[in-house]
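Here is the structure we will look at, set down as structure tokens.
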Amino acid sequence: MEFLQEYGLFLAKAATAVIAALIVLSAIGGLVARSRERRPDRLNVKRLNDRFERMEKTVRRAVERRRGRIERLRNWTARKLGRANAAPGTETPQGATSGVGATGGPDEAQSDDGTTAERPRVYVLRFDGDIRASSVESLREEVTAILTMARPEQDRAIICLESPGGLVPSYGLAAAQLARLREGGLDLTVAVDRVAASGGYMMAAVGHRIVAAPFAVLGSIGVVAQIPNFHRWLSRNDIDVELLTAGEYKRTLTMLGENTDEGRKKFREQLEEAHELFKTFLARYRPQLDLDLVATGEHWYGEQAREMGLADELRTSDDLLLELTREADVFELTYHRPQTLGRRITFAMESILERVLRSQGPESRM
């Protein structure tokens, strides 16, 4: 009996310790979350020329070091064999470089008349879209930052876009943000390495030029909605759902109530209206498209997309950016906004939902 009392006391102490630890961890988590909320938003600007220059120097050092070792070994072998009169200048001192200029060059270039002229500038943005286009919150700040410094008709903008589409209002806003760059006088190129479908293609169409990788997915110009209905299950369990509305079409389809043919008809009309708006938007920015041919909800790969006018060039974003650093100063902008724990949990749940929707195919989103 005494043993049981001691064991019970031990369990009580252990439970108390665990509860106390959980309280402490919860308090620490709350403090961290609040500190992150207080942390100011920040805009990072990175010159991509510097990155490629570092890569080139690293590779050059390795190549020249190996070349120097080979030359020294060759000369040593010649001396050993009595060929001391080898051709002069064959030995390369250790650490010598080939004199090749670094990628990107200086910030300023020398013009023909001897004056110094500023190099062209290219601003790079990256957009990785989810179902809510949540990256639009950062995109709008990045676009604003570019417009404060950009020189109209002189500077360019590149957006590396990856998105299978999502909610109509969210992607409409994202496309409108890119339109601000065009209206600001910048030449806009959209680079797609993997997918720009549905709402993602709506964004891509804003660009003056669309560059796509050979197997990137483009198109899926259509609108779709999926709504589960539990009315029959609720009826079998004697559960009533009262849905009260003011306005004939305030609610057309519902998850819990009984749907009517009239409601379905109205909902289809709304989908058709959204599809027509989508096509009107594309006609404004890419008038060369045959919308009767491409606005069917189908998607195409890079080579096919170029033949149908959905893309202008087959190329990866890496190749495009590397080429631009040879002739311009290329800056990548990234706007960071701290996220609370609640927002991170919400985004995690949305990503799970997005994976489920993706399993239905590219046509299952706007």
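So what is the relative contact order for the range 227-274, in percent, with contacts set as C-alpha pairs under 8 Å and at least six apart?
RCO, the range 227-274: 38 percent.
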(message) List residues of the range 129-159, by number, whose backbone nitrogen lies under 19 Å from a label position 7 Å along Cα→C-beta of Glu118.
(response) 143-158
(request) Given the peptides 253-260, 120-127, 156-163, 48-55, arrange them by the average over their residues of other C-beta atoms within 10 Å, most packed first. (result) 156-163, 120-127, 48-55, 253-260
(request) Grab every C-alpha pair in the range 217-270, bin the distances at 5 angstrom width from 0 up to the longest one, and report whole percents. (result) 4, 16, 23, 20, 15, 9, 6, 4, 2, 1
(message) Applying a 10 Å radius around every beta-carbon, put 182-188, 229-235 in order of their mean neighbour count, most first.
(response) 182-188, 229-235
(message) Beyond 25 Å, how much of the Cα-Cα pair distribution for the range 171-278 remains, as a whole percent?
(response) 46
(request) Please report Rg over Rh for the range 122-224, where both radii come from the alpha carbon positions and Rh follows the Kirkwood definition. (result) 0.95
(request) Bin width 5 Å, alpha-carbon pairs only: give the P(r) of the range 223-319 as whole percents, running from 0 to the bin holding the largest distance. (result) 2, 10, 14, 14, 12, 10, 9, 8, 8, 6, 4, 1, 0
(request) Would you please report the Å³ per residue occupied by the convex hull of the alpha carbon atoms in the range 160-201? (result) 53
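Any read-out appearing in this document is the output of simple, stated calculations on the displayed coordinates, not a laboratory observation. Predicted, not measured: the structure shown is a model, and the values here were computed from it. Quick reminder, even Gly has a Cβ in these numbers, built from the backbone with ideal geometry, and neighbours come from all protein chains shown.
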